Amino acid sequence: MKYKIVNINETGERSVLIIYTGGTFGMIQDESGSLAPFNFGKVVERVPELRQLDIRLTVISFPTPLDSSNILIQDWKDMAYIIEENYEQYDAFVVLHGTDTMAYSASMLSYMLEGLNKPVIFTGAQMPIGSIRSDARENLITALEIASAHTDGIPIVSEVCVYFNYRLLRGSRSQKLRSSTFAAFESENYPVLAEAGIEIEFNYAALEPYNPNSELKVQNQLDPNVIILKIFPGITEHAVKAILSDPEVKGVVLESFGSGNIMKFDWFINCLKQAIEEGKIILNVSQCVGGEVEQGKYETSKGLNRIGVLSGGDITTEAAITKMMFLLGRETDKDRLKHQLTHSLAGEMDSVWE
């Protein structure tokens, strides 16, 4: 892929590479009044404040800006490749991305960028940069300030994050919950990492500690043969069977009720049991935004433990489905795969970092 590279600011104490993938952020109105992508290399014309930052800035753009609804596995690999190729030249990275699938991309990059010890901050906008009331300028400027923040040369942030509407969230804990307000993203099961007011206040206790001995190793073997099965009152046996019987499917994220509960129907348990016997991995996550799966707490979830459904704890659906793609792409040992699915790899669930 041929990327477009433009230097925005060539002086400053720290260096940040902006990776522009597309999304609402980079839209302006064309002559017909429709929204269309603009040449992001000219971003300084829209955000002249960038010249005032004491940061060396470079923009690298995808050849064709992507609507984030069209993000594919190859696009995640391309983002990781850009970071890997430029890792030694820059102190930090800011990824401009559409909001609809930003939480999925931030989760996947959290897994793929093994050994990361520099900031990778995803941000975007609910309104195009060409709009008078756009949130794009604040999101970009503050994301850059957070990315470049350091103490004695050591970055304050050294993980994949999402910055949006004055708050910094762990990438693998973030979810887009709103489409009609600037406060689009939340992290219900993990504390906010930083809040931007007059000053940027970092929650140091919640941040992943900097590891000077880490070396970046990009893991890009991903397997797309996964599905999400969201249960609902009235779901039919033939629909469940149609989903679970697909021979190409290797992993299933089961979106259950409340703290991991399902319908107490023999046919449903039997469908799950048969899928597991055929070699499929099933991970149970909650449909609720906050809280966690506790299999066996109620009678309606006891059967899941018995047949071998795995508990996803407090992981988000976005982090669960990308984690399954990631692990199925690299792990051939079933026991090791199951262990990693139920333990934290990148701070995505409530267990120790491993």
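The values are calculated or read from the model by the stated rules, or taken from the named source; none is laboratory data. Worth saying up front: this structure is predicted, and the values here are computed from it rather than measured. Cβ placement follows ideal geometry from the backbone for every residue including glycine, while neighbour counts extend to all protein chains displayed.
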* Residue ranges of helices (runs of 4 or more DSSP H) in region 270-342 with at least 3 members touching a strand residue (DSSP E or B) at 6+ places or on another chain (Cβ under 7 Å) and over 23 Å from I73 (Cβ atoms) -> 299-307
* Scan of region 168-211 for residues that are acidic (D, E), closer than 17 Å to I121 by Cβ and assigned to a loop (DSSP other than H, G, I, E, B), ordered by number -> E208
* To do: Go through (1) within 17 Å of Q126 (Cβ to Cβ); (2) crowded, with 19+ Cβ neighbours inside 10 Å; (3) modelled with pLDDT under 95 one by one and return the number of the condition D67 breaks.
  => (2)
* Asked: Which one of these does E248 not meet: (1) surrounded by 12 or more Cβ atoms within 10 Å (Cβ to Cβ); (2) assigned to a loop (DSSP other than H, G, I, E, B)?
  -> (1)
* Asked: Counting only residues that are among the β-branched types (V, I, T) and in contact (Cβ under 8 Å) with a residue 40 or more places away in the chain, which one in region 160-205 is surrounded by the fewest Cβ atoms within 10 Å (Cβ to Cβ)?
  -> T181
* Being surrounded by fewer than 12 Cβ atoms within 10 Å (Cβ to Cβ) and outside any loop (DSSP other than H, G, I, E, B) is the filter here, so list the residues in region 46-64 that pass it. => P48, R51, Q52
* If we scan region 15-37, do we find a residue that is small (G, A, S), farther than 18 Å from A136 by Cβ, in contact with a helix residue (DSSP H, G or I) (Cβ under 9 Å, 6 or more places away or on another chain) and modelled with pLDDT of 80 or more? -> yes
* Asked: Is it true that some residue in region 228-239 is under 24 Å from the mean Cα position of the chain (by Cα), in the same structural domain as T322 (by TED's automatic domain parsing), of a type outside the set (A, V, I, L, M) and not in a helix (DSSP H, G or I)?
  -> yes
* To do: Name the single residue, out of those in region 265-310 being under 27 Å from R178 (Cα atoms) and of a type in the set (S, T, N, Q), that is surrounded by the most Cβ atoms within 10 Å (Cβ to Cβ).
  => N284
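Select from region 85-118 the residues that are of a type in the set (F, W, Y) and under 18 Å from V16 (Cα atoms) and write down the one among them that is surrounded by the fewest Cβ atoms within 10 Å (Cβ to Cβ). Working first, answer last.
Our first condition is that a residue be of a type in the set (F, W, Y); within region 85-118, this holds for 87, 90, 93, 104, 111.
Right, trim to under 18 Å from V16 (Cα atoms) and you get 87, 90, 93.
On the way: Y87: 17, Y90: 19, F93: 25.
For region 85-118, the residue satisfying everything is Y87.
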* If you check I82, I132, I121, which single one turns out to be surrounded by fewer than 24 Cβ atoms within 10 Å (Cβ to Cβ), aliphatic (A, V, I, L, M) and not in a loop (DSSP other than H, G, I, E, B)? -> I82
